[in-house]
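Here, each number is a calculation from the coordinates, and none is a lab measurement. As the structure is a prediction and not an experimental result, all values here were calculated from the model. A quick note on method: Cβ atoms are made from the backbone with ideal geometry, for glycine too, and the neighbour counts reach across all protein chains shown.
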Amino acid sequence: MRSPHAAGPIPPRVDPMPPLIEIQNVSKSYQRANLEIPVLRNISLDIDAGDFVALMGPSGSGKTTLLNLIAGIDRPSAGRIVVAGTDLTELNESELAAWRSRHVGFIFQFYNLIPVLTALENVELPLLLTGLPKPERREHARSALTIVGLADRLDHYPRQLSGGQEQRVAIARAIVTDPTILVADEPTGDLDKNSADEVLRLMNRLNREIKKTILMVTHDPHAAERARSIRRLDKGELV
């Protein structure tokens, strides 16, 4: 009979990496007068590092609420949200604000650029909280604008840029601190088709080449197709 050791030593077991984002039995309700309005119901979802997830669903389905909970903008009424090992539900308000500034890059539908600041100055803004000296802040901001293809627009003001270019400045601002996750709420909702395609290609490149984990709320099936996975919500539940 063959010895059980004839085939050589048994290789060590490799435990799988835990999900980057763990959403466990999360519900969210809002109070209006004497009414409690449920928005999310018992959501459980794991998202791995390096994923690009599109959250889809009709208006009022809870997409943006879920995005805000993951980003630490809002708190769940029940359940836990753990991001990179940190349980957001255990942080107080100041701890949550510090966590957001370090770990989350925000991309909005309407860019939210400051009109009196140049592209470079807009991108530099999140770095003002880091304590980096000004030369280093400027270098990081230049690098981020180079990544999004706007190295030749550093000194332009928002009014001198197209909508697509403004959104790319906003993306540069979102990535300049090298955040753990990028959250995007309808990032192409205010753009024409060509500009939207340009922004989606950029987000896809950030995901595949720079390995950024991205969560994107969108109504647009064309935008959702650029994601690696799609999660659908309806009436506050995952379907």
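Before anything else, pin down the relative contact order of the chain: Cα pairs under 8 Å, at least 6 apart, normalised by residue count, whole percent.
28 percent
Taking all Cα-Cα distances within the range 100-239, those exceeding 28 Å account for 16%. Once the Cα-Cα distance is subtracted from the 0.36 nm per residue extended length, the residue 35 to residue 151 segment shows a gain of 36.6 nm. Where does the longest stretch of the chain lie that holds no GluC sites (Glu not before Pro) found in a DSSP loop with 16 or fewer other Cβ atoms within 10 Å? The longest such stretch corresponds to 1-208.
Quick check on my link table: of 193/235; 63/211; 134/193, which ones sit more than 26 Å apart, alpha carbon to alpha carbon?
Over 26 Å apart, Cα to Cα: 193/235; 134/193.
Principal axis analysis of the Cα atoms in the chain yields extents of 79, 58, 38 Å, listed in decreasing size.
Of all DSSP beta bridges in the chain, what percent run antiparallel (nearest 5)?
Working: 18 of 35 bridges.
Beta bridges within the chain, antiparallel portion: roughly 50 percent.
For the range 91-230, the relative contact order comes to 30 percent (Cα pairs under 8 Å, sequence separation of at least 6). Under 18 Å of direct C-alpha separation, and excluding same-chain neighbours fewer than eight residues apart, residue 212 reaches no lysines at all.
Using just the helices of the chain, give the 222 nm mean residue ellipticity in deg cm²/dmol: DSSP H runs with n ≥ 4 each add -39,500 (n - 2.57), and the total is spread over all residues, rounded to 500. Present the calculation step by step, with values, prior to reporting the outcome.
Details: 7 runs with 72 residues, N = 239.
Taken over the chain, the calculation gives -9000 deg cm²/dmol.
Taking Cα atoms only, the orientation of helix 193-208 departs from the longest principal axis of the chain by about 40 degrees.
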